[in-house]
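Visitor: Quick one: structure below, then a few questions.
The values are calculated or read from the model by the stated rules, or taken from the named source; none is laboratory data. Just so we're clear, the structure is a prediction, and the values are computed from it rather than from any experiment. All Cβ positions, glycine included, derive from the backbone under ideal geometry; neighbour counts span all protein chains shown.
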Amino acid sequence: MNIILFGAPGAGKGTQSALLVERRNMRHISTGDLFRAHVKQGTRLGTEAKTYMDAGKLVPDEIVLGMVEDVLKELGSQSFILDGFPRTAPQAEALEAMLKNYDLSISKALFLEVPTERLMARLTGRRVCSSCGASYHIEAKPPQRAGICDLCGGIVDQRPDDQESVIRTRLEAYEKSTAPLKSYFTGKGQFVAVPGLGSTEDVYKQLVSHLD
Ligand code: AMP
């Protein structure tokens with residue numbers, strides 16, 4: 001079963017995706033992660049995307065779509081999670097066309113619901129391993145050794161776009177462009193709201209109850 005996992009920045013999409021990968025052997029396709037990998041490798045696409053990412057703005061659709069299509073066209077039969085894509089109505093429509101082209105389908109669009117006032121605290125306290133991408137929080141889940149990833153020993157640091165001023169722009173972009181997709185997915189019969197508060201395990205249980 002292929003799914004879209006969507007919700008505001010800081011809703012827990014990455015954390016839940018990591019569990020789905022580990023426990024259900026799903027493939028995680030995160031456009032944010034793909035962009036960060038391009039930035040790290042210094043590709044042209046990475047250079048183009050970085051200006052937008054650092055400002056908390058959405059990368060233009062044409063750049064995103066080409067990158068996603070490159071992944072979709074070489075997918076095997078493994079179930080996948082789309083995380084952070086689609087983020088705009090034109091992206092959602094383009095996705096539909098691409099899925100048709102590659103004979104793929106999405107069963108559900110699971111929306112992780114977290115009140116806006118909780119997002120800021122989650123995002124400003126978030127720290128991420130620069131090597132393996134594992135996610136931490138300075139209060140809720142600090143690494144055992146400060147600044148060092150428990151899983152791979154990499155450097156745990158703050159994402160440049162997790163600074164407060166940039167977070168505000170990202171939340172605005174989410175409200176303006178991504179939140180309206182709730183009605184788009186409802187119209188397609190794919191929308192499911194999942195409460196995103198509580199422990200990671202509680203949220204995971206609720207999430208997978210919609211997958212079986
Ligand atoms: P994320 O890791 O999903 O929070 O994404 C980080 C940043 O990458 C976003 O703030 C955007 O600048 C960019 N980005 C990721 N996915 C998309 C997308 N589907 N459309 C446009 N920009 C994106």
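Visitor: Could you tell me how many of the residues in region 114-158 are among the basic types (Lys, Arg) and within 16 Å of Ala8 (Cα to Cα)?
Guide: So the answer is 3.
Visitor: Those residues that are within 13 Å of the ligand (Cβ to nearest atom) and either closer than 22 Å to Leu181 by Cα or crowded, with 18+ Cβ neighbours inside 10 Å (or both), I need them from region 19-37; list them, please.
Guide: Within region 19-37, His28, Ile29, Ser30, Thr31, Gly32, Asp33, Leu34, Phe35, Arg36 meet the criteria.
Visitor: While we're here: Would you check which residues across region 64-84 are surrounded by fewer than 16 Cβ atoms within 10 Å (Cβ to Cβ) and over 16 Å from Leu104 (Cβ atoms) and list them?
Guide: Gly66
Visitor: I would also like to ask the following. Name the residue, out of Ser177, Ser165, Ser183, that is farther than 20 Å from Lys13 by Cβ and either out of contact with any Ser or Thr (no Cβ under 9 Å at 6 or more places or on another chain) or in a helix (DSSP H, G or I) (or both).
Guide: Answer to the check: Ser165.
Visitor: Sticking with this structure for a sec: For residues that are more than 13 Å from Phe35 (Cβ to Cβ) and in a loop (DSSP other than H, G, I, E, B), scanning just region 57-77, find the one that is farthest from the ligand (Cβ to nearest atom).
Guide: If we take residues in region 57-77 being more than 13 Å from Phe35 (Cβ to Cβ) and in a loop (DSSP other than H, G, I, E, B), then Ser77 is farthest from the ligand (Cβ to nearest atom).
So that you can scan it fast, the table gives a plain yes or no per residue for (1) within 20 Å of Ser17 (Cα to Cα); (2) among the hydrophobic types (A, V, I, L, M, F, W, C); (3) at pLDDT 95 or above:
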position: Val59; (1), (2), (3): no, yes, yes
position: Asp83; (1), (2), (3): yes, no, yes
position: Pro90; (1), (2), (3): no, no, yes
position: Lys108; (1), (2), (3): yes, no, yes
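Visitor: Can you tell me which residue within region 116-144, out of those that are part of a loop (DSSP other than H, G, I, E, B) and under 17 Å from the mean Cα position of the chain (by Cα), is surrounded by the fewest Cβ atoms within 10 Å (Cβ to Cβ)?
Guide: The qualifying residue surrounded by the fewest Cβ atoms within 10 Å (Cβ to Cβ) is Cys132.
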